[in-house]
Each structure stands twice: as structure tokens, then as C-alpha cells.
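Structure first, commentary second.
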Amino acid sequence: MDPMHQIEATLMRALDRGEGPGAPPRLGAAMRHAVFPGGARIRPRLCLSVARACSPAPKPDHQDAPIMFGAASAIELLHCASLVHDDLPCFDDAAMRRGKPSVHVAFDERLAVLAGDALIVMAFEILAVEAAARPERLSALLSILARSVGMPLGIAAGQAWECEPHADLSAYQQAKTGALFAAASLSGAVAVGFEADQGWRDFGERLGEAFQVADDIRDVAGSAEQEGKPVGQDDALGRPNAALALGLPRAVERLEHLIASAIDQIPFCPGRAVLCAEIRAVTRSFLPQMIWEVAH
């Protein structure tokens, strides 16, 4: 099975378990609405890419495969939860997400809060279930996930910086976006038996910060049709934004610097050269070609 099809299947199994007998049906539907259809699934793709680089091309029935796909799927659930909360009226009040009504619009605000919370819990459950064949790695992976979602440096902290009168742009971006990218990178390595090397964390954090800078640029220079969500939100809500703070050309320079710096941090592993090439190719998609050209 194609690796991304395996991710979708793992996510589907988790949602099916969550909608078992006795479950509130509208909450289950809200959670499913948040997860399917997905976006680019960049974070689980990163997790799998690192896992392949550390243990090249594991077969789908390889003993490491369940924990690898479980870790990647758990990170995607955390990301989906963060989007549900980010769209709430108390934060972005965004009506659209991934080209369809956001969860609080499609259902209601109460169910959106509960759906986001339940997806966070489900992320830890899916990892525990899928790690059965490699229990010795579960503790490290749970710790990585917990750090990525909580305080002081996880996505909850990143969201909380929007509630502060002043926020350091880099700290905000590292928590809001870098934390899950770091978790994806670290989890990919740990899932196949590598150590949780600081280099994997640094790689993920810088790649995540680069992705956030690209998101800032698209918020300023993109269109709602391209993005599948409202644009101009950061300016309207007074949130930190690299393109607004630096200007478009310097923001693109910052993006390019972060991508190069991220690649430099990749630790030695059997598939390092392939991973570096893959990251260079993937990061070109962070921005539409037109924006790359205009900025230069």
C-alpha cells in the first residue's frame, strides 16, 4: 500500500474507534470533518521521510511499520486539532478551512472545542495502539508528542502567544508551527530505533519556522481561492507576521535562509542525501512560483 494511503487508513481506523457504540454522533462527525479530506499532510510526510532516511524503505509489513505510521498519524491528528481551535471565533473566527466550512461553522462552537480536545487525546491513543510491536520506543514517542502540544513550547503555547500584548516573532513561530515539525522529525527517527538526536529537533523546528514564514507570506500575497481559507487575517487581527514585519522580499530571504539552515541540521543517517534532496523539492511548494519570482 502507498505510504500516504496507509496514513489515511490509520487515521480512518482511529476515527472509526472513536465513533464506536455509545459515542455522541455529532461529535464524531465533527472530528471526521476536521480530519477528512486532509490537506497536504506535510507533517506525516515529514515523519515518514525521516523514518525512511534512518531505515531506508521499510516494507509495509516491516515490524517498524505500525509504530512509524502510528507516529505520523498522531502528529496529523494534533495538527488537525490545532486548526479546529485556531478557527474558533475567539481566535481567527475563520469560516473556511481546506476549502470547506470550518468545524465551528459546520457544527457549532461547542462541538468544535470538544472536537479539537478529543483529537488531541486520540493522537496519544493511536500511538499507543500502533506501538504494540515496539513498546520500548513508546515512552520516548509519547514524550515527544506531549512536548509538541503543551507548555512551554508546544502548539498550545503558540496559540497563547496570540493572547499576549507583545510576542517575539521567532518564539511565536517556533511554538505554533515549529513544534509539530520538530515532533514529526524526531518521531520518524525514534520510531525506527534511532536516538532522539538534537539535530532532528533543530531540523524540524527550522523547517517548521520556514513553513510558518511561507504561510505568513501567503496570508499577505495569496488569495482565498488558492489557500482554501481567508487571507489577510494576520493584519486584521494584529498577529505577528513575517511578511508584514519584514516586507515581502526580506520575508522570502528569511524563508530561504531557514530552509538552508534546516537542511544543514539533518544528522548523519543512511538516507541523508535523499532526504536533503526531498526537502529541497518539497519546500519549493511552500510558495506559489509567482511569489518566488516577484520577491526576486
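Nothing in this text is a laboratory measurement; each read-out follows from the coordinates by a stated rule. In this text, all values refer to a predicted model and were calculated from it rather than measured experimentally. Counting neighbours? That spans all protein chains shown, and the Cβs are built from the backbone with ideal geometry, glycine included.
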Task: Sorted by Cβ neighbour density within 10 Å, fewest at the top, the residues His79, His33 - done: His33, His79
Open item on the list: Place a point 7 Å from the Cα of Phe268 along the Cα-to-Cβ direction; which residues of the stretch 165-197 have their backbone N under 15 Å from it?
Closed with: 195, 197
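Under Stokes-Einstein, with the Kirkwood radius over Cα pairs standing in for Rh, what whole-number D in µm²/s applies to the chain at 37 °C and 0.692 mPa s?
Estimated via Stokes-Einstein, D reaches 170 µm²/s.
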- [ ] Sort out for me the Cα centre separation of the stretch 209-283 from the stretch 67-104, rounded to whole Å.
- [x] 19
- [ ] Given the options Ala40, Ala128, Ala157, state which has the largest fluctuation in a GNM of the chain using a 10 Å cut-off (strictly under) for Cα springs.
- [x] Ala40
- [ ] Report the residue, chosen from Ile67, Ile42, Ile155, that carries the largest GNM mean-square fluctuation when the chain is represented by alpha-carbon nodes joined by springs under 10 Å.
- [x] Ile42
Task: Computed [θ] at 222 nm, deg cm²/dmol, the chain (DSSP H ≥ 4; -39,500 (n - 2.57); rounded to nearest 500) - done: -20500 deg cm²/dmol
TODO: Starting from the Cα-Cα distance between Ala260 and Asp168, subtract it from 0.36 nm times their residue separation and give me the gain in nm to one decimal.
DONE: 30.9 nm
